[in-house]
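Only one structure is covered here, and it is reproduced in the block below.
The values are calculated or read from the model by the stated rules, or taken from the named source; none is laboratory data. Just so it is clear, the model here is predicted, and its values are computed rather than measured. Here the Cβ positions follow ideal geometry from the backbone for every residue, glycine too, while neighbour counts run over all protein chains shown. Surface accessibility is based on the protein's heavy atoms, side chains included, excluding ligands, DNA and RNA. Shrake-Rupley method; radii C 1.70, N 1.55, O 1.52, S 1.80 Å.
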Amino acid sequence: QVQLVESGGGLVQAGGSLRLSCAASGSIGSIKAMGWYRQAPGKQRELVAIHTSGGSTNYADSVKGRFTISRDNAKNTVYLQMNSLRPDDTAVYYCNADIRRIGMVFSDTYWGQGTQVTVSS
């Protein structure tokens with residue numbers, strides 16, 4: 001059993017900051033990529049940022065220069081620091097990770113339950 005638990009969402013004014021956290025727990029053998037997706041009302045889920053096990057990162061164009069993804073491998077935790085937030089950042093943010101469970105050969109993709117981020121104008 002593997003779980004991803006997110007925290008840190010909330011309501012913030014435009015221009016403000018929030019920090020999201022996502023901790024993976026359970027029978028974890030290894031974790032490859034960890035990342036964040038978001039889904040706004042009436043829109044498809046989209047990639048926000050991803051952090052590979054090798055340390056490389058990738059961002060959606062809309063968040064480049066404003067959001068920073070980081071990872072603490074010892075804690076199996078990924079963070080998303082969001083600065084200069086805009087109303088169009090409003091969405092449910094989901095944590096995502098490719099995890100190989102102990103005793104398994106291949107990895108599976110896991111999702112967190114989602115955390116609401118609302119940016120008021």
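Computed with a 1.4 Å probe over protein heavy atoms only, the accessible surface of segment 1-91 comes to 52 Å² per residue. For segment 13-91, applying the loop criterion from DSSP together with a ceiling of 11 other beta carbons within 10 Å to the trypsin sites (Lys or Arg not before Pro) yields Lys43, Lys64. Near Asp98: Cβ cut-off under 12 Å, other residues only, Lys/Arg at +1 and Asp/Glu at -1. The net charge is +2. Net charge dipole, the chain: roughly 100 debye, given to the nearest 20, about the Cα centre with Cβ charges of +1 for Lys and Arg and -1 for Asp and Glu.
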